[in-house]
Amino acid sequence: MTNEELLQVESSQRQFDQEKEHREKMNLIIEQQEYNLVAILKPKITIDGNQWCVLYGENLQDGIAGFGETPYTAILNFNSAWNKKI
């Protein structure tokens, strides 16, 4: 492999690493944003049967709820429910 080819490979690897780091930072920012609503509202987070439940309000009929197999997926579902029109 020539020096020029080696420099191209190193440059490509550096670019790949920078893009990967950028994606990881963006994913972290997105994940933090998903937790913001829960941090502000402080809904109840409980286990309901075989799923996690995030509930804002007194009950499922009058409140807003999200369910999921993990607390995080329940939060994502809650955030989605929060943004739905009545």
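The values are calculated or read from the model by the stated rules, or taken from the named source; none is laboratory data. For clarity, every value in this text was computed on a predicted model and none was experimentally measured. In this analysis, Cβ positions are derived from the backbone assuming ideal geometry, glycine residues included, and neighbour counts consider all displayed protein chains.
Identify the single condition in (1) within 23 Å of I86 (Cα to Cα); (2) in contact with a Phe, Trp or Tyr (Cβ under 9 Å, 6 or more places away or on another chain); (3) not basic (K, R); (4) not in a helix (DSSP H, G or I) that T46 does not satisfy, given that it satisfies every other one.
All conditions are met except number (1).
For residues in segment 1-46 being out of contact with any Pro (no Cβ under 9 Å at 6 or more places or on another chain) and among the β-branched types (V, I, T), which is farthest from Y72 (Cα to Cα)?
Ranking the candidates gives T2 first.
Testing G63 on (1) surrounded by 12 or more Cβ atoms within 10 Å (Cβ to Cβ); (2) within 16 Å of the chain's Cα centre (by Cα); (3) at pLDDT 95 or above, one condition comes back false. Which one is that?
Here G63 meets the rest and fails (2).
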